[in-house]
1. Determine which single condition A:Thr111 fails, assuming it passes every other condition in (1) at pLDDT 95 or above; (2) closer than 18 Å to B:Asn100 by Cα; (3) within 11 Å of chain B (Cβ to nearest Cβ).
2. Among the strands (runs of 3 or more DSSP E) confined wholly to region A:11-116, which include 1 or more residues that are over 24 Å from B:Lys41 (Cα atoms) and without any contact (Cβ under 8 Å) to a residue 40 or more places away in the chain?
3. Which residues, counting only those in region A:39-55, are surrounded by fewer than 12 Cβ atoms within 10 Å (Cβ to Cβ) and either among the aliphatic types (A, V, I, L, M) or away from chain B (no Cβ under 14 Å) (or both)?
4. Being more than 10 Å from every other protein chain (Cβ to nearest Cβ), touching a helix residue (DSSP H, G or I) at 6+ places or on another chain (Cβ under 7 Å) and at pLDDT 95 or above, is that true of even one residue in region B:100-111?
5. Kindly indicate which of B:Asn79, B:Asn62, B:Asn75 is more than 9 Å from chain A (Cβ to nearest Cβ), surrounded by fewer than 21 Cβ atoms within 10 Å (Cβ to Cβ) and in contact (Cβ under 8 Å) with a residue 60 or more places away in the chain.
6. Among the numbered criteria (1) under 30 Å from A:Ser9 (Cα atoms); (2) touching a residue at least 24 places away in the same chain (Cβ under 8 Å); (3) at the interface with chain A (Cβ under 9 Å from one of its Cβ atoms); (4) within 13 Å of the chain's Cα centre (by Cα), which single criterion is violated by B:Ser94?
7. Can you tell which of A:Tyr32, A:Tyr36 is under 16 Å from A:Ile105 (Cα atoms), within 10 Å of chain B (Cβ to nearest Cβ) and modelled with pLDDT of 95 or more?
8. Mind checking which residues of region B:38-48 are facing chain A (nearest Cβ under 9 Å) and touching a Leu at 6+ places or on another chain (Cβ under 9 Å)?
Amino acid sequence: AQSVTQLGSHVSVSEGALVLLRCNYSSSVPPYLFWYVQYPNQGLQLLLKYTTGATLVKGINGFEAEFKKSETSFHLTKPSAHMSDAAEYFCAVSATGSSNTGKLIFGQGTTLQVKP
Amino acid sequence: DTAVSQTPKYLVTQMGNDKSIKCEQNLGHDTMYWYKQDSKKFLKIMFSYNNKELIINETVPNRFSPKSPDKAHLNLHINSLELGDSAVYFCASSQNFATNEKLFFGSGTQLSVL
């Protein structure tokens, strides 16, 4: 069974500060990992994803995430927060191999607040 | 052009009614999904269709019935609505479930059951 845990349902940073959103996963098969962002009253948009290969993944809007198998983590970072980054962020895991059905298991979400 | 469009955006109805939510994607994708987002923003998959065939059917009450007339459309019909059905329902699509390509989401339908 797969699961995703996002530590901290609410993160508040000042504009220009480092953004760090934590995600840990559990998977019995090699996972594909995703970060999605949801702006108010909108659907989710993909920020970045890890499938195979390089463990540091760069996404849109200056975000990046690093897959650490030993820590079963996939934390999302951005060096300098902008006001426009305020949104809900979701980490997700997808099964691979014969158990793949395309189903995404989402974490509980983290609300990012950016203060001026 | 909106890639994944769902209607209506808001749906307010009484308990016991039957309602439908429609979804269309113009991306040429093979796979479509319905996700439910509860009041705590937790997202959970309900159904998935690939080329009009049901491939995921999570533990969802049988009052919920998806229908895919063609691979560009996936509608959700809900019978005998209950208070607990109040949520935001998101339609999504992906190129093909087997390739783990990214999901494209619609903007959601906020269902309020009174």
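The values are calculated or read from the model by the stated rules, or taken from the named source; none is laboratory data. Bear in mind the structure is a predicted one, so any value in this text is a computation, not a measurement. For neighbour counting, all protein chains shown are included, and Cβ atoms are generated from backbone atoms with ideal geometry for every residue, glycine included.
1. Exception for A:Thr111: condition (2).
2. Numbers: elements: A:19-26, A:32-38, A:44-50, A:56-58, A:64-68, A:73-78, A:87-94, A:104-106, A:110-115.
Those strands (runs of 3 or more DSSP E) span A:56-58, A:64-68.
3. Of all residues in region A:39-55, those surrounded by fewer than 12 Cβ atoms within 10 Å (Cβ to Cβ) come to A:40-41, A:52-54.
The answer is A:Ala54, and nothing else.
4. Checked region B:100-111: at least one residue is more than 10 Å from every other protein chain (Cβ to nearest Cβ), touching a helix residue (DSSP H, G or I) at 6+ places or on another chain (Cβ under 7 Å) and at pLDDT 95 or above.
5. On the way: B:Asn62 fails: in contact (Cβ under 8 Å) with a residue 60 or more places away in the chain; B:Asn75 fails: in contact (Cβ under 8 Å) with a residue 60 or more places away in the chain.
On inspection, the qualifying residue turns out to be B:Asn79.
6. Against the list (1) under 30 Å from A:Ser9 (Cα atoms); (2) touching a residue at least 24 places away in the same chain (Cβ under 8 Å); (3) at the interface with chain A (Cβ under 9 Å from one of its Cβ atoms); (4) within 13 Å of the chain's Cα centre (by Cα), B:Ser94 comes up short only on (4).
7. Details: A:Tyr32 fails: modelled with pLDDT of 95 or more.
One residue alone meets the criteria, A:Tyr36.
8. Just the residues of region B:38-48 that are facing chain A (nearest Cβ under 9 Å), to begin with: B:40-45, B:48.
Listed by number, the residues that qualify are B:Leu43, B:Ile45, B:Ser48.
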